[in-house]
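Have a look at the structure below before the remarks.
The values are calculated or read from the model by the stated rules, or taken from the named source; none is laboratory data. Given the structure is predicted, the values throughout are model-derived calculations rather than measurements. Neighbour counts run over all protein chains shown; Cβ positions are idealised from the backbone, glycine included. Side chains included, ligands, DNA and RNA excluded: accessible areas come from the protein's heavy atoms. Shrake-Rupley method; radii C 1.70, N 1.55, O 1.52, S 1.80 Å.
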Amino acid sequence: MAKLSAEAQQIVKGTAPLLKQEAAAVTTRMYELLFSNHPEVKALFANAPNNQNEILARSIIAYSENIDNFPALEGALDKIAQHHVNTDVKPEHYPFVAEALLQA
C-alpha cells in the first residue's frame, strides 16, 4: 500500500469528526447504491449482519482516526480480509464499493 503524504493523512484524519456524525447514513446509502448499480454483488452479502452498514461505518471512522497509525488497525484489517476471502469477494468487486461510497 502506498503511503499517503503527511498532508493527505491530516486531511483524512480531519474527516473523523464529520464521519462520526454521518458515517451510518453514508454507508446505508452506499449499500443502496451498490446493490442498485451492481445487483450481482448482493449475493456476497447473503449472510451479512443486519447492521452491516454500521460495521462499515465504524471501520471507516477507525481508518480515518488511525490513518497515521496502521499498526492500530492490523487486527481489524486481518479480520476484514479473512471475512472477504471466506465470502468470495474478488478484487474486481472493490471498485464497485469505492464508486458507491464516493457517490453516497
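Scanning region 33-56 for residues that are among the acidic types (D, E) and without any contact (Cβ under 8 Å) to a residue 24 or more places away in the chain yields a count of 1. Which of (1) of a type in the set (G, A, S); (2) surrounded by 15 or more Cβ atoms within 10 Å (Cβ to Cβ); (3) farther than 21 Å from H38 by Cβ is the odd one out, the single condition S59 does not satisfy? So the condition that S59 fails would be (3).
Residues in region 79-100 that are hydrophobic (A, V, I, L, M, F, W, C) and open to solvent by 60 Å² or more (accessible area, probe 1.4 Å) were compared, and the one that is nearest to A25 (Cα to Cα) is I80.
For region 33-56, filtered to residues that are of a type outside the set (S, T, Y) and under 16 Å from L102 (Cα atoms), the residue that is least open to solvent (accessible area, probe 1.4 Å) is L34.
Listed here are the residues, each with its yes/no results for (1) modelled with pLDDT under 95; (2) of a type in the set (K, R); (3) part of a helix (DSSP H, G or I); (4) surrounded by 13 or more Cβ atoms within 10 Å (Cβ to Cβ).
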{"residue": "Q9", "(1), (2), (3), (4)": "yes, no, yes, yes"}
{"residue": "L18", "(1), (2), (3), (4)": "yes, no, yes, no"}
{"residue": "Y31", "(1), (2), (3), (4)": "no, no, yes, yes"}
{"residue": "L73", "(1), (2), (3), (4)": "yes, no, yes, yes"}
{"residue": "L77", "(1), (2), (3), (4)": "yes, no, yes, yes"}
